[in-house]
Every structure is written in C-alpha cells, then in structure tokens.
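Student: Take a look at the following structure, please.
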Amino acid sequence: MIYINIGSNINSIKGDRFYNIKKSIELIRNRKIKILKISKVYETPSYPNEKDPKFLNICVAIKSQLSPELLIKVFSSIEKKLQRTKEFKNQPRTCDIDIIDYRRKIINSKKLTIPHPRAHLRNFVLYPLKEISPEWVHPIFNKKIEFLIKKLSFKLRNEITRLNESVIVV
C-alpha cells in the first residue's frame, strides 16, 4: 500500500483550501493513480509559525505502478498546477503532497526519503493515517500507529480537529 498526505493552508486563484485538496485528488486520478481510501479532513495550526493560516490535511491510500521517484515528480507537477511556490521553508502553500509510506520500503537518497522522515512526529499525518489504516506500522521503527500517536505531546494530540466535511471526489 502507498500512503500520501495532502495539505493546504492558503487559497489558490481557483478556490479555497478544500478546493485545492479536492483538485489535487482529481489530478492524481487523472494520472491513472488509483485512489483506494481517503480520510476525513483534519485541521491543525500551521507549523512552525502558528500565525500562518491553519492547515487542512488528509491521508490517501493509493495504488500505482509508478516508482516512488516518478510519483514525487507527478505530485510536484500537481502542486505547481495548484500554484504552489517554494520560496522559503515552511511557507504557506496552496498544496503539499508527501509520500508517507511506499509499500513499507525504506529509501534514503538525496531527492527522496521514505517513509517520510517526520511522519511519526506529525499529528496531521498520524491521525488521518490511523483513520484509513488503523493497523499501520512504521517501516523503520516497527511501531504501531497507536503507539506513535500516544508519543505525541499533549499539545499535538489536542490541537488537531477532525472536520465533518470530506473531500471525496466522484
């Protein structure tokens, strides 16, 4: 199974944060990548600057024959279509697509690190991932997702909100 995280914390020219996430799913589907499961939408403060707009995030289980390197290129092109700019680290963005886990492979190259190197520290990754894959185990630490969530700080466990809205695209 391949798990990705999609986030947005600013509007694009065409729409709001929800639109950006829905559109990214649509564009992923258009690339012949099969969407298997989509979590509900989760909202968190922006990191590291909590004064920036709040993020919306989802986790998506996908199936693809593309290599991780090609998937990242596809996701980067989708981010660009949604007007993502990369002027400085952690800046607000219209769209951010990360590979969290690619079939439990461990990859550490200059261009790509899988599993995502900070996935185990991020509430906006762990909570939506747990929703669609409650038995997921971190490929490096060999720890269940429930254990990783319990290791999050009290603040991180409490500053995340699961919204009732979903971004399911038909």
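Values quoted throughout were computed directly from the atomic coordinates according to the rules given, and no laboratory measurement underlies them. Note that the structure is predicted; figures quoted are calculated from it, not measured. Glycine gets a Cβ as well: all are built from the backbone with ideal geometry, and neighbour counts include every protein chain shown.
Student: Are there chymotrypsin sites (Phe, Trp or Tyr not before Pro) in the stretch 19-111 that DSSP puts in a loop and that have at most 14 other Cβ atoms within 10 Å, and which ones?
Tutor: PHE88
Student: Which value in deg cm²/dmol, rounded to the nearest 500, describes the helix-derived mean residue ellipticity at 222 nm for the chain, given -39,500 (n - 2.57) per DSSP H run of n ≥ 4 and division by the residue count?
Tutor: -8500 deg cm²/dmol
Student: What does the extension gain come out to for LYS144 and ARG157, with contour length at 0.36 nm per residue minus their alpha carbon separation? Present the calculation step by step, with values, prior to reporting the outcome.
Tutor: Values: separation 13, 0.36 × 13 = 4.68 nm, distance 1.63 nm.
My answer for the length gained is 3.1 nm.
Student: Sorted by packing (mean other beta-carbon atoms within 10 Å per residue), highest first, where do 138-149, 2-13 land? Could the numbers behind the result be given before it?
Tutor: On the way: 138-149: 15.0, 2-13: 21.6.
So the order, starting with the most tightly packed, is 2-13, 138-149.
Student: Distance in nm between label sites at LEU70 and TYR19, each 7 Å beyond Cα in the beta-carbon direction?
Tutor: That separation, rounded to one decimal, is 3.2 nm.
Student: While we're here: Given a Förster radius of 35 Å and the C-beta distance between SER166 and LEU112 as r, what FRET efficiency does 1/(1 + (r/R0)^6) yield to the nearest 0.05?
Tutor: Details: r = 29 Å, r/R0 = 0.84.
The pair SER166/LEU112 has a calculated efficiency of 0.75.
Student: Oh, and also: Would you look at the GNM of the chain, springs on alpha carbons closer than 10 Å, and say which of LYS54, LYS105, LYS86 moves the most?
Tutor: LYS86
Student: Further, regarding this structure: For the chain, rounded, prolate or oblate, judged on the Cα gyration tensor with a ≥ b ≥ c (square roots of eigenvalues), a/c < 1.5 rounded, else prolate if a/b > b/c? Numbers along the way, then the final one.
Tutor: Working: a/c = 1.35, a/b = 1.06, b/c = 1.27.
Rounded.
Student: With a sphere of radius 9 Å drawn around the Cβ of ARG162, what net charge do the other residues whose Cβ falls strictly inside it have (Lys, Arg +1; Asp, Glu -1)?
Tutor: Local charge sum for ARG162: -1.
Student: What net charge is computed for the residues neighbouring PRO48, neighbours being all others with C-beta under 15 Å from the C-beta of PRO48, Lys and Arg scored +1, Asp and Glu -1?
Tutor: Values: positive: LYS51, LYS54, LYS89, ARG93, ARG118, ARG122, LYS155; negative: GLU50, ASP52, ASP96, GLU159.
Around PRO48, the charge tally is +3.
Student: Any idea how far the Cα center of the stretch 1-80 sits from the one of the stretch 101-121, in Å?
Tutor: Taking the Cα centre of each part, the stretch 1-80 and the stretch 101-121 sit 17 Å apart.
Student: List, in the order given, every pair from LYS73/LYS144; LYS23/LYS144; LYS37/LYS73 whose Cα-Cα distance in the structure shown is over 27 Å.
Tutor: Exceeds cut-off: LYS73/LYS144; LYS23/LYS144.
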